[in-house]
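The values are calculated or read from the model by the stated rules, or taken from the named source; none is laboratory data. As the structure is a computational prediction, the values presented were derived from the model and not from experiment. Positions of Cβ are backbone-derived with ideal geometry, glycine not excepted, and every protein chain shown enters the neighbour counts.
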């Protein structure tokens, strides 16, 4: 993702998990591979967008992100959920594709 306008386009359609992270964050580094797996296994149903809070403070502010990692779930441009902290693969998929 290059800019805020691109972000706004990415979340307009379908199911999208927006992952707010920071390079210096240990739990964020643990969460990265989980997100990659979920993205690969469910690429036809789910998009993952990673947002570095150090590079995109404006977006972090828009969502009132106070800690990382924070995940925001969009469905066709509308926010339908938010989770704080590391998420295991199974619960993350269930949250994104079954519960919402």
Query raised in the report: Are any residues in the stretch 56-70 in contact with a strand residue (DSSP E or B) (Cβ under 7 Å, 6 or more places away or on another chain) and assigned to a loop (DSSP other than H, G, I, E, B), and if so, which ones?
Result: 63, 65, 67, 68, 69
Report summary line: Flagged pairs (Cβ under 6 angstrom, 6 or more apart or on separate chains; first in the stretch 21-36, at negative phi and modelled with pLDDT of 95 or more; second loosely packed, with under 14 Cβ neighbours inside 10 Å and not in a helix (DSSP H, G or I)) are 22/54
Query - Evaluation of residue 53 against (1) surrounded by fewer than 18 Cβ atoms within 10 Å (Cβ to Cβ); (2) closer than 13 Å to residue 19 by Cα; (3) touching a strand residue (DSSP E or B) at 6+ places or on another chain (Cβ under 7 Å) (one fails), failing number - result: (1)
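Conditions (1) assigned to a helix (DSSP H, G or I); (2) loosely packed, with under 12 Cβ neighbours inside 10 Å, marked per residue:
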site: 1; (1), (2): no, no
site: 5; (1), (2): yes, yes
site: 16; (1), (2): no, no
site: 20; (1), (2): no, no
site: 24; (1), (2): no, yes
site: 29; (1), (2): yes, no
site: 34; (1), (2): yes, no
site: 39; (1), (2): yes, no
site: 44; (1), (2): no, yes
